[in-house]
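Asks: I have a structure I would like to understand better, so I am pasting it below and will then ask my questions one at a time.
The values are calculated or read from the model by the stated rules, or taken from the named source; none is laboratory data. These figures come from a predicted structure and were not determined experimentally. Because the Cβ atoms are built from the backbone with ideal geometry, glycine has one as well, and the counts that use them run over all protein chains shown. Just the protein is used for accessible areas: all its heavy atoms, side chains included, with ligands, DNA and RNA removed. Shrake-Rupley method; radii C 1.70, N 1.55, O 1.52, S 1.80 Å.
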Amino acid sequence: MKQYEAVIQTLENLGGVATLGQLNTEVFKIKDCEWKTKTPFASIRRIVQQTAGIYKIRPGLYGLEKMKSAIESRGIVVESAKNRDSEEVKLFNHSYYQGLLLMVGNLHHLETFVPKQDKNKKFYDGRALGEISSIDDLPPFSYRHILKRCSTIDSVWLNERGMPHSFFRSGT
């Protein structure tokens, strides 16, 4: 199997859509393909950018053309000049980047929080943002009025003592 075929097969295995990070991990599980290059991640990046049948959804998020309608029916749409201001694109952009922030916080071994009004919003892979966040409620690190305000911030990272590490608010 050729490398580009392995990338396409991996995208199919992941439901037609995947981040570059997922591809970098999952593509090597295909046994029929050999990666005899010193820079396999650069090869994967080149493949998703240049192979017919693969399209860019967002920076770092790619999909299969043959599954595009199914992907779009899940609310994952490519932003264009025509739909840039649509509610569908704004909602997907917001929840996509919010989910990425939660995942990065989790990778840094921080507690992650998403506000209650966003817990059921879907990440690109179908998981609710509440499933990605590691805690359901903010710990009582300050006065009640401060906690109330902080509990509305899009993504919050907390350290091992339950104190805020970072707050992230979307511009939308």
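Asks: Kindly indicate whether VAL104 is touching a helix residue (DSSP H, G or I) at 6+ places or on another chain (Cβ under 7 Å), closer than 19 Å to ALA128 by Cα and free of Cβ contacts under 8 Å to residues at least 24 places away in the same chain.
Replies: no
Asks: Now, a different point. Of the residues SER80, SER73, which single one is without any contact (Cβ under 8 Å) to a residue 12 or more places away in the chain and over 21 Å from ILE8 (Cβ atoms)?
Replies: SER80
Asks: What pairs come out if I take residues in the range 116-133 that are under 15 Å from VAL156 (Cα atoms) and pair them with residues that are in a helix (DSSP H, G or I) and among the small types (Gly, Ala, Ser) whose C-beta lies under 7 Å away, six or more apart or interchain?
Replies: Cβ pairs passing all conditions: LYS119/GLY130; LEU129/SER95; LEU129/GLY99; ILE132/GLY99.
Asks: Restricting to the range 4-14, name every residue that is out of contact with any helix residue (DSSP H, G or I) (no Cβ under 6 Å at 6 or more places or on another chain) and crowded, with 19+ Cβ neighbours inside 10 Å.
Replies: If the condition is that a residue be out of contact with any helix residue (DSSP H, G or I) (no Cβ under 6 Å at 6 or more places or on another chain) and crowded, with 19+ Cβ neighbours inside 10 Å, then ILE8, LEU11 are the ones that fit.
Asks: Under 8 Å by Cβ, and 6 or more places apart or on different chains, what pairs join a residue from the range 20-46 that is over 12 Å from TYR62 (Cβ atoms) with one that is among the acidic types (Asp, Glu) and open to solvent by 40 Å² or more (accessible area, probe 1.4 Å)?
Replies: Listed by first residue and then by second, the contacts come to CYS33/GLU5.
Asks: Any idea how many residues of the range 35-47 are surrounded by fewer than 11 Cβ atoms within 10 Å (Cβ to Cβ) and among the charged types (D, E, K, R)?
Replies: Looking only at that region, the number is 2.
Asks: Scan the range 116-123 and give yes if some residue there is under 23 Å from GLU88 (Cβ atoms), among the hydrophobic types (A, V, I, L, M, F, W, C) and modelled with pLDDT under 95, otherwise no.
Replies: Yes, because at least one residue in the range 116-123 is under 23 Å from GLU88 (Cβ atoms), among the hydrophobic types (A, V, I, L, M, F, W, C) and modelled with pLDDT under 95.
Asks: Condition (residue is modelled with pLDDT of 95 or more, of a type in the set (Val, Ile, Thr), buried (at least 16 other Cβ atoms within 10 Å of the Cβ) and under 25 Å from LEU101 (Cβ atoms)) applied to the range 15-23: is it met by at least one residue?
Replies: There is no residue in the range 15-23 that is modelled with pLDDT of 95 or more, of a type in the set (Val, Ile, Thr), buried (at least 16 other Cβ atoms within 10 Å of the Cβ) and under 25 Å from LEU101 (Cβ atoms).
Asks: Quick check on my filter: what residues within the range 47-65 are touching a residue at least 40 places away in the same chain (Cβ under 8 Å) and more than 18 Å from LYS122 (Cα to Cα)?
Replies: Selection gives ILE47, VAL48, THR51, GLY53, ILE54, LEU64.
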